[in-house]
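Below: one structure, written as structure tokens.
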Amino acid sequence: MNRVSDQETRNEERETNGIAQIRPSTPDTRHPSLDTRSSHNLIAAVGNTPLIELSHISRDVAPVRILAKAEWFNPGGSVKDRPALGMLLDGHRRGDLTRDKIILDATSGNTGIAYAMFGAAMGFRVRLCIPKNAGALHQRILRTYAAELVLTSGQKGSDGAIEEAIRLAQQDPDLYFYPDQYNNDANWQAHYHGTAEEILSQTDGHVTHFIAGLGTSGTFMGTGKRLREANRQTQLISFQPDSPMHALEGLKHMPTSIKPGFYDESLADENRCVRTEEAQSMVKRLACEEGLLVGVSAGAAIHCALQVARGLRDGVVVTILPDNGMKYLDHHFW
Ligand code: PMP
């Protein structure tokens, strides 16, 4: 049996477990047609991640505190479970994500893993456009969830994957549900309603600085907007790779990339640049000094947080650790 027909067979088998058919005995009030108590209870496992204090790394900057959301506690292992779930639920609510559709999007890895995981649990086929040179372990995870991969030019990076997803969606609009994570408001809204609310409750609202890297910019835009509404004094700092050629997976060099539709650079009080080597050496420090094995963009976030903290007398600096280091263990810098 080839990959597609194999997947089709399994989708038919799962049809009775699919979103549209499920009628929970006690309905979930947020998503009435979804059973959040089923055995595949992935939806309820998304969010409410720990906020970890990095007390060793921040020793030199005391009394400034550095706190970070450990997003690998999400069931798909990254921050992208939040927006992926948000976009699927939104599509379902609008009637765009129907049982016959294939979920299609461009991804550098983590959003794809989230779509593939939810697609497997809910009985949807998932087709992902991903640059050829995306992490080997990311690709292996995606294939294990039975996602179909459309490999795009490594040189064109995430923009090449976006172009291919647009082409496929335009060529066959009835075949696909194309959330388009770069232009879908449900992406940043997942952080506005989820990530930010959690940070506010975990800190009792005491956040002086919020720092996040820019990929789709959903994390920064959604979390930043809500934190700013809660306290106008909170400083919002975005960061991005310092050059178009970088190894900060999941992040975009905005000046040379297709600009995400909802990205508004004016939200940030400041934008910083991080070099790949700075992020990688922070990844090693975090493993040895804090016992945290994080991904490269998480290393970049803490590098940035520490730099910001060095310029302060007092404050609570909050950032995001988008994923852990497991998928990057085949990278050469370790
Ligand atoms: N870090 C990693 C590892 C990611 O996968 C992503 C998502 N592309 C980001 C950071 C950036 O998140 P966002 O898309 O919300 O800007």
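The values are calculated or read from the model by the stated rules, or taken from the named source; none is laboratory data. As the structure is a computational prediction, the values presented were derived from the model and not from experiment. Note: ideal-geometry Cβ built from the backbone for every residue, glycine included; neighbour counts use all protein chains shown.
A few comments on the model shown:
- Being away from the ligand (no atom under 16 Å from the Cβ) and more than 20 Å from residue 165 (Cβ to Cβ) is a description that does not apply to residue 103.
- Within the stretch 61-111, the residues that satisfy the criterion of being surrounded by fewer than 24 Cβ atoms within 10 Å (Cβ to Cβ), assigned to a helix (DSSP H, G or I) and not assigned by TED's automatic domain parsing to the domain that holds residue 218 are 89, 90, 91, 92, 93, 94.
- Residues that are small (Gly, Ala, Ser), out of contact with any Pro (no Cβ under 7 Å at 6 or more places or on another chain) and farther than 17 Å from residue 296 by Cα within the stretch 204-218 comprise just one, 205.
- Residues within the stretch 293-334 that are without any contact (Cβ under 8 Å) to a residue 24 or more places away in the chain and of a type in the set (Gly, Ala, Ser), tallied: 2
- Filter result (surrounded by fewer than 16 Cβ atoms within 10 Å (Cβ to Cβ) and in a helix (DSSP H, G or I)) within the stretch 129-156: 136, 137, 140, 143, 144
- Selected residue (criterion: farthest from the ligand (Cβ to nearest atom)) from residues of the stretch 157-189 that are part of a loop (DSSP other than H, G, I, E, B) and within 16 Å of residue 260 (Cα to Cα): 178
Yes/no per residue for (1) assigned to a helix (DSSP H, G or I); (2) more than 24 Å from residue 131 (Cα to Cα):
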| site | (1), (2) |
| --- | --- |
| 220 | yes, no |
| 226 | yes, yes |
| 229 | yes, yes |
| 233 | no, yes |
| 237 | no, yes |
| 249 | no, no |
| 272 | no, yes |
| 281 | yes, yes |
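- Conditions (1) touching a residue at least 24 places away in the same chain (Cβ under 8 Å); (2) within 21 Å of the chain's Cα centre (by Cα); (3) part of a helix (DSSP H, G or I): number failed by residue 263: (3)
- Exactly one residue among 280, 240 is within 10 Å of the ligand (Cβ to nearest atom) and in the same structural domain as residue 66 (by TED's automatic domain parsing), and that residue is 240.
- Between 285, 310, the distinction of being surrounded by 14 or more Cβ atoms within 10 Å (Cβ to Cβ) and among the basic types (Lys, Arg) belongs to 285 only.
Here is a yes/no grid of residues against (1) touching a helix residue (DSSP H, G or I) at 6+ places or on another chain (Cβ under 9 Å); (2) within 13 Å of the ligand (Cβ to nearest atom); (3) in contact (Cβ under 8 Å) with a residue 40 or more places away in the chain:
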| site | (1), (2), (3) |
| --- | --- |
| 68 | yes, yes, yes |
| 76 | yes, yes, yes |
| 80 | yes, yes, yes |
| 95 | no, no, no |
| 110 | yes, yes, yes |
| 133 | yes, no, no |
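- Among the residues making up the stretch 118-128, those that are buried (at least 21 other Cβ atoms within 10 Å of the Cβ) and touching a Leu at 6+ places or on another chain (Cβ under 7 Å) are 118, 127, 128.
- Residue satisfying condition, being at pLDDT 95 or above, in a helix (DSSP H, G or I) and within 22 Å of residue 110 (Cβ to Cβ), within set 309, 300: 300
Quick grid of which residues meet (1) more than 9 Å from the ligand (Cβ to nearest atom); (2) among the polar types (S, T, N, Q); (3) under 17 Å from the mean Cα position of the chain (by Cα):
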| site | (1), (2), (3) |
| --- | --- |
| 212 | no, no, yes |
| 234 | yes, yes, no |
| 244 | yes, no, no |
| 275 | yes, no, no |
| 284 | yes, no, no |
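- A single entry from 121, 146 fulfils the requirement of being at positive phi, in contact (Cβ under 8 Å) with a residue 12 or more places away in the chain and away from the ligand (no atom under 14 Å from the Cβ): 146.
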